[in-house]
1. State whether the residues of the range 8-16 include one that is open to solvent by 30 Å² or more (accessible area, probe 1.4 Å), in contact with a helix residue (DSSP H, G or I) (Cβ under 6 Å, 6 or more places away or on another chain) and not in a loop (DSSP other than H, G, I, E, B).
2. Look through GLY53, GLY141 and report the one residue that is outside any loop (DSSP other than H, G, I, E, B), modelled with pLDDT under 90 and surrounded by fewer than 12 Cβ atoms within 10 Å (Cβ to Cβ).
3. Evaluate the following for VAL109: is it surrounded by 12 or more Cβ atoms within 10 Å (Cβ to Cβ) and either aromatic (Phe, Trp, Tyr) or in contact with an Asp or Glu (Cβ under 9 Å, 6 or more places away or on another chain) (or both)?
4. Can you confirm whether LEU44 is at pLDDT below 90 and more than 30 Å from ASN140 (Cβ to Cβ)?
5. In the range 112-129, which residue that is in a loop (DSSP other than H, G, I, E, B) and touching a residue at least 12 places away in the same chain (Cβ under 8 Å) is surrounded by the most Cβ atoms within 10 Å (Cβ to Cβ)?
6. Select from the range 70-106 the residues that are in a helix (DSSP H, G or I) and aliphatic (A, V, I, L, M) and write down the one among them that is surrounded by the fewest Cβ atoms within 10 Å (Cβ to Cβ).
7. For the range 17-41, what are the residues that are assigned to a loop (DSSP other than H, G, I, E, B), within 24 Å of VAL109 (Cα to Cα) and of a type outside the set (A, V, I, L, M)?
Amino acid sequence: LTLPNLDRVIKIDKENMTVTVEAGARVSQVIDALREHGLTLPNLASIAEQQMGGFTQIGAHGTGANIPPVDEFVTSIKIVTPARGTVELTPSDGEMFNMAKVGLGCLGVVGEITMQVIPAHNLLEHTYVLSRSEAKEQLNGLLKKHKHIRYMWIP
């Protein structure tokens, strides 16, 4: 199943600090739309070309030790189910909402997502090389010192 034509940014609500998007919208597309309003997503993964439906359904976690995973910012989700048709779930739906946020597509096909947004900000990136043992040794300190940290192992 692919949703590239289900890619609209439906609503940017600055008052409630939310964005509503169709599930096929790419993360980069949503960020670009939010930027025009001085907003951004609170948590980003390294791959900005993934679609928002997949981004939320897999429990993407981003790059910060104190930043919750993406699903924590979902405030509403519409899924198309085989038995119940299109269903909109919110926190008032309790456990079903929590399961749907990271449903891996098991509860139906995600059609629309509303998420919290935050004010846009700039990040300064420092890139350097560590050995595997140095990275392992310094990990806790780096996580405490920096809001975001990303490391890659290149064999």
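The values are calculated or read from the model by the stated rules, or taken from the named source; none is laboratory data. These numbers come from a predicted model, not from an experiment. Neighbour counts run over all protein chains shown; Cβ positions are idealised from the backbone, glycine included. For accessibility, only protein heavy atoms count, side chains too; no ligands or nucleic acids. Shrake-Rupley method; radii C 1.70, N 1.55, O 1.52, S 1.80 Å.
1. Scanning the range 8-16, I find at least one residue that is open to solvent by 30 Å² or more (accessible area, probe 1.4 Å), in contact with a helix residue (DSSP H, G or I) (Cβ under 6 Å, 6 or more places away or on another chain) and not in a loop (DSSP other than H, G, I, E, B), so the answer is yes.
2. It is GLY141.
3. Details: surrounded by 12 or more Cβ atoms within 10 Å (Cβ to Cβ): yes; either aromatic (Phe, Trp, Tyr) or in contact with an Asp or Glu (Cβ under 9 Å, 6 or more places away or on another chain) (or both): no.
No; evaluated as a whole, the condition is false for this residue.
4. Taking the combined requirement at face value, the residue does not satisfy it.
5. Going through the range 112-129, the residues in a loop (DSSP other than H, G, I, E, B) turn out to be 117, 120-129.
In the following step, the residues that additionally are touching a residue at least 12 places away in the same chain (Cβ under 8 Å) were identified as 117, 120-121, 123.
Numbers: VAL117: 23, ALA120: 14, HIS121: 8, LEU123: 8.
Ranking the candidates gives VAL117 first.
6. Among those residues, the one meeting the criterion is MET96.
7. As a first pass, look at the range 17-41 and keep what is assigned to a loop (DSSP other than H, G, I, E, B): 17, 23-25, 36-38, 41.
Retained after the next criterion (residues that are within 24 Å of VAL109 (Cα to Cα)): 23-25, 41.
Matches in the range 17-41: GLY24 only.
Yes/no per residue for (1) over 13 Å from the mean Cα position of the chain (by Cα); (2) free of Cβ contacts under 8 Å to residues at least 24 places away in the same chain:
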site	(1), (2)
THR2	yes, yes
ARG8	yes, yes
GLU22	yes, no
GLU36	yes, yes
GLN50	no, no
LYS78	yes, no
